[in-house]
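Enquirer: Structure incoming, see below.
The values are calculated or read from the model by the stated rules, or taken from the named source; none is laboratory data. No experiment lies behind these values; they were computed from the predicted model shown. Cβ placement follows ideal geometry from the backbone for every residue including glycine, while neighbour counts extend to all protein chains displayed. Note: areas computed on protein heavy atoms with side chains; ligands, DNA, RNA excluded. Shrake-Rupley method; radii C 1.70, N 1.55, O 1.52, S 1.80 Å.
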Amino acid sequence: MRVEAGAARGLLLPGAGEEVWKSVPLHLRTQLQTAAQRLVSPEQAVLREKGNAPVRYALRAAANRRMTGRHWLVLLAAPRESLGGARSERARRVFEVLEQVVADFVAPAVAGSSKSVVSAPGSAGAAPVPGHAAESVDGSVLVSGAGPGAGSGAAAPKGTVVEGAAAVPGPREAEVQAADDAPSEPASASSVRVEAGAARGRLLPGEDDPSWADMPIRLRQALRGPAHQLVTPVRGPLKAKEQRRVLSAVRAAGRMRMTGAHWLLLMTTEREAFGSARSARAGAFYGVLEQILAEHPPLAQDLDAPVAPAAG
């Protein structure tokens, strides 16, 4: 089985029985409950299709706050069209919440614990045979998700790699995908030379530097409103898969739960990643980032500034 679409495509997901599924934050489960209730009351025609039964049951479980790991796996691997028609606002909302679950919880969780998938002994680098599962060192398997026409395959007992591409990634690709879904970069506590984004030409503190935690509340509050407006709803470049980490950081800014990693990512992201040149919301958000750079002293070091000669 292969996933043609899905909120978690490309991620190495924990198995259905793993404890991580019990740790999905309450606010995300509540958002999914509300959206799922609207989608199944009444059910759309696509949800009543025989091949779409796993998605229907998982949505009902979400609406009743009785989600298990298996339900999460089904929904996160479900193609968008398995939830409803292209014009269905209720289906769109459910899929957006699932994308938020991936960006805010699943991707950071798996980025810290996932292992790269390896080939069987004696066939290093060989591509998996179509239609067969490729085992990893910890028992994870490559599986695709659910939806109309997807069949009735069971979730993997240990872990699942949900793929939206036509080919299953090799060991190196799987490792890169996990790294791409990490919540932020870089991982060093040293200073960072910035070559892009609002902080272009500056030397910023590393993500573990205490100056990020000392960010004045007035500046964090100034960013909060523009961040919330930028992702309510998510649109434009931020909807792209490659911008998942940026989207997660913007949402963290909207909730005033920023880490140094989030700050660094936003300060080094180009303007066009937030929205088109005509987007007033993206412009307002980027403007506040520039304001923060100008008003928070630890961030004001310009690489192009002249260096004073040494005494003597």
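Enquirer: What distance in nm separates the simple spin-label points at THR68 and LEU26, each placed 7 Å from Cα in the Cβ direction?
Expert: Output for this residue pair reads 2.5 nm.
Enquirer: Also: Please state, as a whole number in µm²/s, the translational diffusion coefficient that the Stokes-Einstein equation yields for region 183-267 at 37 °C and 0.692 mPa s, with Rh defined as the Kirkwood radius across alpha carbon pairs.
Expert: Translational D for this selection: 248 µm²/s.
Enquirer: Measure off 7 Å from each Cα along the Cα-to-Cβ vector at ARG255 and ARG278, then give the distance between these two points in nanometres to one decimal.
Expert: Placing both labels 7 Å along Cα→Cβ, they lie 3.3 nm apart.
Enquirer: Taking H placed 1.01 Å from N in the peptide plane, check which residues at least 5 places from VAL192 or on another chain put their amide H under 5 Å from its amide H.
Expert: Answer set, sorted by chain and number: LEU204, GLY206.
Enquirer: I'd like the distance between the alpha-carbon centres of region 257-303 and region 193-207, rounded to an integer number of Å.
Expert: For region 257-303 versus region 193-207, the Cα centre distance is 10 Å.
Enquirer: Starting from the eigenvalues of the Cα gyration tensor, five times each then square-rooted, give me the equivalent ellipsoid semi-axes of region 230-274, largest first, whole Å.
Expert: Equivalent ellipsoid semi-axes, largest first: 16, 12, 8 Å.
Enquirer: Leaving ligands, DNA and RNA out of it, rank VAL74, VAL94 by accessible area with a 1.4 Å probe, largest first.
Expert: VAL74, VAL94
Enquirer: Turning to a different aspect of this structure: Rank LEU12, LEU73 by accessible area, highest first, at a 1.4 Å probe radius?
Expert: Heavy-atom accessible area, descending, gives LEU12, LEU73.
Enquirer: For SER191 and GLN229 in the same chain, what is the full-extension length gain: residue separation times 0.36 nm, less their Cα-Cα distance, in nm?
Expert: Full-extension gain reported as 10.6 nm.
Enquirer: With r as the distance between the Cβ atoms of ARG218 and LYS241 and R0 = 41 Å, compute the FRET efficiency 1/(1 + (r/R0)^6) and round to 0.05.
Expert: It comes out at approximately 0.75.
Enquirer: Another question, if that's okay. When only the heavy atoms of the protein chains count and the probe is 1.4 Å, how do ARG224, ARG93 rank by accessible area, highest first?
Expert: Largest to smallest exposure gives the sequence ARG224, ARG93.
Enquirer: Still on this structure, please answer the following. Compute and list, largest first, the equivalent-ellipsoid semi-axes of region 12-110 from the alpha carbon gyration tensor, each √(5λ) rounded to a whole angstrom.
Expert: With the √(5λ) rule applied to region 12-110, the semi-axes are 21, 14, 12 Å.
Enquirer: Starting at the first residue of region 285-293, write each ³J(HN,Hα) from the Karplus equation 6.51 cos²θ - 1.76 cosθ + 1.60 with θ = phi - 60°, in whole Hz, x for Gly and Pro.
Expert: Per residue, the Karplus-derived 3J(HN,Hα) values read 5, 5, x, 5, 4, 5, 5, 4, 4 Hz.
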